[in-house]
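Working notes for the structure below.
Every number in this text was worked out from the coordinates using simple rules, so none of it is lab data. Because the structure is a prediction, the values reported are computed rather than measured. FYI the Cβ positions are ideal-geometry reconstructions off the backbone, even for glycines, and counts take in every protein chain you see.
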Amino acid sequence: MTTKKKEYIFSNFVCITEETDVMANSYEEAVDIFLAGGGNTDEVDSNGGDWECISNPDEDTEEVSDENI
């Protein structure tokens, strides 16, 4: 017998720090090149692991009481 699979949804917060080297004639030109996706980008730091299950079908749903209605 095949069991029906359930969907579990996870959220994962990852912070990545990148540095981009841009060769240009001026700061304004460098900004334009950077904002257009130019330059040489390297990842210099990353931090992850702040995850949580945001939808778990195995957990009981809370029942709303009619007493306060």
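Here the relative contact order of the chain, from alpha carbon pairs under 8 Å that lie six or more residues apart, stands at 45 percent. As a proxy for reagent exposure, ILE33, ILE16 were ordered by neighbouring Cβ count within 10 angstrom, fewest first; the result is ILE16, ILE33.
Based on DSSP H segments of at least four residues, each scored -39500 (n - 2.57), the chain has a per-residue ellipticity at 222 nm of -3500 deg cm²/dmol. Counting only Cα atoms, the size of the range 9-55 along its three principal axes is 50, 18, 12 Å, in decreasing order. Taking the Cα centre of the range 9-55 as reference, the dipole from Cβ charges on Lys and Arg (+1) and Asp and Glu (-1) amounts to some 180 debye.
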